[in-house]
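A short write-up of the structure that comes next.
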Amino acid sequence: MASLRLAGLKKSFGAVDIIKGVNLEIKDGEFVVFVGPSGCGKSTLLRMIAGLEDISGGELYIGDRLCNEVQPRERGIAMVFQSYALYPHMTVYDNMGFGLSLNKTPKPELDARVREAARILKMEHLLERKPSQLSGGQRQRVAIGRAIVRKPGVFLFDEPLSNLDAALRVDMRMELAKLHRDLGATMIYVTHDQIEAMTLADKIVVLDGGLVQQVGSPMELYKNPANKFVAGFIGAPKMNFLPVKVQSVAGDTAMVASDTMSPIPVKGRGFSVGDPAWLGIRPQFLKPGPPTDGEGALRGRIALVERLGTETIIAVDTAENERVVAAIPVDVELAFGDAAEFQFNPQAAHLFH
Amino acid sequence: MNKITEVVPFLAPVQILILSVIVIPSFYVVWLSLHASSFGQSATFVGLQNYIKVLTDPAFLLALGNTVLIVIFAVHLELALGLGMALLFASGLPCRRVLLVAVLAPYAVSEVIAVAMWRFLFDPDVGPVTAMLTWLGLPMLDWSFEPSHALIMIGLLTIWLHLPFTFIILYAARLAIPKDLYEAARIDGAKPFDAFRRVTIPLLGPAIVVALLFRYIFAFRIFSEVWLMTQGGPARSTEVVAVYLYQEAFSFNAFGTAAATAWIMVLASLLLATGYVFLLRKQVAGNAH
Ligand SMILES: Nc1ncnc2c1ncn2[C@@H]1O[C@H](COP(=O)(O)OP(=O)(O)O)[C@@H](O)[C@H]1O
Ligand SMILES: [Mg+2]
């Protein structure tokens, strides 16, 4: 088991900077999720930790050891690839035991460890098969089993569930959470799916453009996003952003308004009078009906209604042609083109530069 | 029924072509191999006499020995070279495109031109390579005089000519191995040689067998390299089976024994092919992709 410290970690491919200085502390036994849009450098950062990519700048500590120049095999890590990367010519048993057989682990110990991993993942009956004889989910298990057998201090996962179908993904997510509880190892998990991040992580690291945007627990990120990017990335449906102007500032609170919205007080620091700003409202905080005292109001015409059973997603186009989405926990009788009015509590809104 | 009569005229040209250039000549050669025949005399049936004659002819046995030597040394050396080069190319060589063209070029060169080139390069008196070997203090290849040197020369030439074939098969197969597997192996603790032995070689297995099979058969039929270089000389000492056949047929006009030799070659090739197809099947079934 191991903690990690990333200090000013940088990576460039030729003249292109991909990772632009990442600072991060990961505690022993933590489940950390790197999340961000495609191409933001998540995999690159993970591969730098694994030792598959050279580090262009900064320092990587695994435990107390500086690991910039250490070979992958000596870092005490194991990695699960998106493509599974199983050796096609070996049985499941040999795939899982490959690492141990390379460092000449005695046969009985190898056998015990492979069988233990197979037992944990409930795939004892698959040990003699070749990867080509397995389903996608089973291959994923073998890839995870191969990591478990190595007893690493740090597990690295690169989008391990993205090749599975939706139902299987939910099952595997729960199994991974259980695996983390049972093994207690440090896990770093890369995904572009914020739901996976929210459900699995002790700590989420939101990346964009090769920089850390915010680090925190899932609820911290949900409740107090540090910037507009994080606010838009975490939570589904996506947070609504409306352009507003700051009219007055009093302490931590700014009065904001737009042409179609009367002034409301919203928490926000570092704004001054006249600043343009973005008012962020999560779809779940919009309620149908006219505002009562002090609440914000939004009006428009219904553009889309999606009835999911547990909730109804309503898209509304405002008079300024802004698309606003509301998620309502009941089924409402609204149809395309109807006029609609929503109210929201200003305390639940966010303000961004 | 109607369908078949409509289709037959369209297929007929192919059938006629195959029948007339492959099937009928093969049977004619079988017939010929069972008869004694030469110019100006009618063929007389001799049973398996021709086969016995060929198989006990010291010249044939020498030719067979030479052929087997070339097959064993040239093909395996070529495989090792081709594999080494395929791995070198796959490991991200600089200027790969230019080098690829250079490596593949011999395949585009006609054998006749290749031999003319080599004869000049290795000429015992004026050849630049000979001059270089002498300058380096190495023994020169006296291929026009010394039979063993001539065989070495022929072996080198056939490797040079066919290396592109072996190389391209192995290179394509190597490129088909996903990069992830090597990364997974590195994380599993494989040093480069472990990855080569436990990942690359098993996954290249089928391609290696295919390359070997084809090259065994090609090499067993080797003719132009020998004929153009030494014509089997000096004193029939560098003859290979195909040259022996040619001599029987066109120098000694013994068509019966030439036909028998031809069938012996076909059977030997089939034997090689069957063995390797069997091996290949076993491997493919083992890998079950
Ligand atoms: N070997 C490489 N050479 C050049 N550019 C690369 C290489 N690997 C990744 N990149 C670039 O780095 C960026 C980040 O890639 P990656 O880390 O795979 O993103 P993510 O996993 O977040 O989708 C991408 O723009 C990609 O094109
Ligand atoms: Mg990625």
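The values are calculated or read from the model by the stated rules, or taken from the named source; none is laboratory data. Quick caveat: nothing in here was measured; it's all calculated off a predicted structure. Methodologically, a virtual Cβ is constructed for each residue, glycine included, from the backbone with ideal geometry; neighbour enumeration extends over all protein chains shown. With ligands, DNA and RNA removed, areas are computed over all heavy atoms of the protein, side chains included. Shrake-Rupley method; radii C 1.70, N 1.55, O 1.52, S 1.80 Å.
Go through segment B:162-179 and count every residue that is within 14 Å of chain A (Cβ to nearest Cβ), open to solvent by 40 Å² or more (accessible area, probe 1.4 Å) and in a helix (DSSP H, G or I).
Summing the residues that are within 14 Å of chain A (Cβ to nearest Cβ), open to solvent by 40 Å² or more (accessible area, probe 1.4 Å) and in a helix (DSSP H, G or I) in segment B:162-179 gives 1.
Which of the residues belonging to segment A:247-264 are open to solvent by less than 60 Å² (accessible area, probe 1.4 Å), in contact (Cβ under 8 Å) with a residue 60 or more places away in the chain and of a type outside the set (S, T, N, Q)?
A:254, A:256, A:264
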**OP:** Kindly indicate whether residue B:88 is open to solvent by 40 Å² or more (accessible area, probe 1.4 Å) and in contact (Cβ under 8 Å) with a residue 24 or more places away in the chain.
**Re:** no
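Out of segment A:68-91, which residues are among the charged types (D, E, K, R) and within 9 Å of chain B (Cβ to nearest Cβ)? Outline the logic, then answer.
Step one: of segment A:68-91, the residues among the charged types (D, E, K, R) are A:69, A:73-75.
Across segment A:68-91, the qualifying residues are A:73, A:74, A:75.
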**OP:** Go through segment A:168-195 and count every residue that is under 18 Å from the mean Cα position of the chain (by Cα) and open to solvent by less than 10 Å² (accessible area, probe 1.4 Å).
**Re:** 8
Subject >> Residue count, segment A:7-19 (criterion: near ligand 1 (Cβ under 10 Å from one of its atoms) and in contact (Cβ under 8 Å) with a residue 40 or more places away in the chain) >> reply: 5
**OP:** Just give me the residues in segment A:132-145 being open to solvent by less than 10 Å² (accessible area, probe 1.4 Å) and within 13 Å of chain B (Cβ to nearest Cβ), in sequence order.
**Re:** A:142, A:143, A:144, A:145
Subject >> Failed item, numbered, when residue B:76 is tested on (1) without any contact (Cβ under 8 Å) to a residue 60 or more places away in the chain; (2) more than 25 Å from residue B:206 (Cα to Cα); (3) not basic (Lys, Arg) >> reply: (2)
Original post:
For segment A:93-120, which residues satisfy the criterion of being more than 13 Å from every other protein chain (Cβ to nearest Cβ) and in contact (Cβ under 8 Å) with a residue 40 or more places away in the chain?
Top reply: A:120
Subject >> Sole exception among (1) crowded, with 17+ Cβ neighbours inside 10 Å; (2) away from chain A (no Cβ under 14 Å) for residue B:208, by number >> reply: (2)
Subject >> Subset of segment A:20-55 [within 12 Å of ligand 1 (Cβ to nearest atom) and assigned to a loop (DSSP other than H, G, I, E, B)] >> reply: A:36, A:37, A:38, A:39, A:40, A:41, A:52, A:53, A:54
Original post:
When you scan segment A:17-42, how many residues do you find that are within 16 Å of ligand 2 (Cβ to nearest atom) and open to solvent by 70 Å² or more (accessible area, probe 1.4 Å)?
Top reply: 2
**OP:** Considering only segment A:211-241, state which residues are touching a Gly at 6+ places or on another chain (Cβ under 8 Å), among the hydrophobic types (A, V, I, L, M, F, W, C) and assigned to a strand (DSSP E or B).
**Re:** A:211, A:241
**OP:** Using the structure shown, decide if residue A:273 is surrounded by fewer than 17 Cβ atoms within 10 Å (Cβ to Cβ) and either of a type in the set (A, V, I, L, M, F, W, C) or without any contact (Cβ under 8 Å) to a residue 24 or more places away in the chain (or both).
**Re:** yes
Original post:
Residues in segment A:71-87: is at least one hydroxyl-bearing (Ser, Thr, Tyr) and within 16 Å of ligand 2 (Cβ to nearest atom)?
Top reply: yes
Subject >> Those helices (runs of 4 or more DSSP H) lying entirely in segment A:91-208 with at least 1 residues within 16 Å of ligand 1 (Cβ to nearest atom) >> reply: A:194-200
